[in-house]
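Reviewing the structure listed below.
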Amino acid sequence: MHSKGLKLGIYSSPGPLTCAKYEGSYGHEEQDAKMYAEWGIDYLKYDLCGLRQVMDQQAPNDRVAQMKMMHDAYEKMGKALKATGRPIVYSLCQYGWDAVWEWGPQYGANLWRTTGDIRAAWDSVYSILSSQEGLQSYAGPGHWNDPDMLEVGNGRLNIRENRSHFSMWAMLAAPLLAGNDLPNMKPEIKEILTSKDVIAIDQDKLGKQGHRVYSEGEVDVWERELSGGAKAIAILNAGSDRYSTHPFHLSLEKLGLHGEQKGRDLWTGKDITLSDNMPLEIASHDILLVRIDKVK
């Protein structure tokens with residue numbers, strides 16, 4: 001796989017069994033970590049689910065004790081991975097319990113799930129997106145909030161929702177993990193998932209997660225600081241009606257911007273000038289994603 005320019009990830013659990021009832025790493029953390037390194041593994045997703053039964057058995061109805069068991073399990077594998085000397089991305093999957101963003105980095109985590117499992121439906125995507133507000137200070141180079149995998153092209157999401165989903169995960173500096181049927185992927189889905197301009201927002205080297213600046217009606221306005229003094233602005237229509245706001249008027253003042261801002265609409269590739277109180281009509285669950293390289 002490495003010879004093809006790819007990297008290799010693997011999945012395990014701190015419990016005796018994984019979610020799918022295969023062998024977990026419980027009691028074999030050092031052995032497994034050493035094996036991963038010998039195999040050339042680059043990424044480990046470590047899913048709590050297998051440990052939950054052990055937690056319930058050993059500390060029934062004692063949440064404090066259960067949380068300590070969880071912490072200890074993730075710390076143990078973090079130390080075991082580090083001891084191998086091989087750089088292996090360490091992904092914590094425990095659904096955001098016990099404010100993992102506050103303690104994950106000290107156990108060697110590079111990313112941590114902040115929520116329960118995502119579903120390929122707009123209500124799930126938008127609920128998870130909204131729950132990320134306030135977590136931006138915990139993300140940065142080498143350690144990231146993970147709002148779960150992308151569902152672009154899956155389930156009941158329409159093209160506008162797929163575009164918005166991908167845009168907002170980029171604004172969140174989220175790991176972009178896609179699970180798709182590649183041979184049967186529709187061209188419009190491939191176009192979304194391979195958008196270099198949007199991926200560049202996600203991968204910006206400054207590493208600052210975006211945040212919601214304000215909401216008005218059913219429209220959310222997010223911004224993300226980028227390297228070189230640039231900025232990304234996302235205007236998302238979360239309403240269920242096709243045009244739920246007729247039209248929405250953008251406030252540059254609330255964004256801390258002064259005067260007209262020349263940028264580029266990343267989905268059309270066209271230049272756009274944002275002005276204060278400008279009217280915008282954005283279809284239901286669609287997005288305007290703008291990159292401004294020279295901010296005023």
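The values are calculated or read from the model by the stated rules, or taken from the named source; none is laboratory data. From a predicted model like this one, the values you see are computed outputs, not experimental measurements. Here the Cβ positions follow ideal geometry from the backbone for every residue, glycine too, while neighbour counts run over all protein chains shown.
Between residues in region 75-98 that are on the phi > 0 side of the Ramachandran plot and residues that are in a helix (DSSP H, G or I), which pairs lie under 6 Å by C-beta distance while being six or more apart or on different chains?
Final answer for the pair search is D98/M67.
Filter region 202-237 for residues that are of a type in the set (G, A, S), at pLDDT 95 or above and outside any helix (DSSP H, G or I); which is surrounded by the most Cβ atoms within 10 Å (Cβ to Cβ)? Give the derivation first.
Taking region 202-237 first, the residues of a type in the set (G, A, S) are 207, 210, 215, 217, 227-230, 232, 234.
Next, only the ones that are at pLDDT 95 or above stay: 207, 210, 215, 227-230, 232, 234.
The next check asks that each one be outside any helix (DSSP H, G or I); those that pass are 207, 210, 215, 230, 232, 234.
On the way: G207: 16, G210: 27, S215: 13, A230: 17, A232: 25, A234: 23.
The selected residue is G210.
Is it true that some residue in region 102-117 is in a helix (DSSP H, G or I) and aliphatic (A, V, I, L, M)? Explain how you work it out, then say what you get.
Step one: list which residues in region 102-117 are in a helix (DSSP H, G or I), which gives 102-107.
Restricting the remaining residues to those that are aliphatic (A, V, I, L, M) gives none.
No: zero hits.
Which condition from (1) buried (at least 20 other Cβ atoms within 10 Å of the Cβ); (2) in contact with an Asp or Glu (Cβ under 9 Å, 6 or more places away or on another chain); (3) modelled with pLDDT of 95 or more is the one that I287 breaks?
Result: I287 fails condition (2) only.
Which one of these does I272 not meet: (1) of a type in the set (V, I, T); (2) under 19 Å from the mean Cα position of the chain (by Cα); (3) not assigned by TED's automatic domain parsing to the domain that holds S124?
Looking at each condition in turn, I272 falls short on (2).
Determine whether P147 is under 12 Å from the mean Cα position of the chain (by Cα), surrounded by 18 or more Cβ atoms within 10 Å (Cβ to Cβ) and without any contact (Cβ under 8 Å) to a residue 60 or more places away in the chain.
On the way: under 12 Å from the mean Cα position of the chain (by Cα): yes; surrounded by 18 or more Cβ atoms within 10 Å (Cβ to Cβ): yes; without any contact (Cβ under 8 Å) to a residue 60 or more places away in the chain: yes.
For P147, the condition - under 12 Å from the mean Cα position of the chain (by Cα), surrounded by 18 or more Cβ atoms within 10 Å (Cβ to Cβ) and without any contact (Cβ under 8 Å) to a residue 60 or more places away in the chain - is met.
Assess whether A139 counts as being in contact (Cβ under 8 Å) with a residue 24 or more places away in the chain and within 20 Å of N180 (Cβ to Cβ).
On the way: in contact (Cβ under 8 Å) with a residue 24 or more places away in the chain: yes; within 20 Å of N180 (Cβ to Cβ): no.
Considered against the rule, which asks whether it is in contact (Cβ under 8 Å) with a residue 24 or more places away in the chain and within 20 Å of N180 (Cβ to Cβ), A139 comes out as no.
Report the residue count in region 171-201 for those that are crowded, with 19+ Cβ neighbours inside 10 Å, touching a Leu at 6+ places or on another chain (Cβ under 6 Å) and within 15 Å of L266 (Cβ to Cβ).
The number of residues fulfilling the criteria is 1.
Among the residues of region 124-144, is any over 19 Å from G210 (Cα atoms) and out of contact with any Phe, Trp or Tyr (no Cβ under 8 Å at 6 or more places or on another chain)? Give the derivation first.
Step one: of region 124-144, the residues over 19 Å from G210 (Cα atoms) are 124.
From the residues that got through so far, the ones that are out of contact with any Phe, Trp or Tyr (no Cβ under 8 Å at 6 or more places or on another chain) too are 124.
Yes, because at least one residue in region 124-144 is over 19 Å from G210 (Cα atoms) and out of contact with any Phe, Trp or Tyr (no Cβ under 8 Å at 6 or more places or on another chain).
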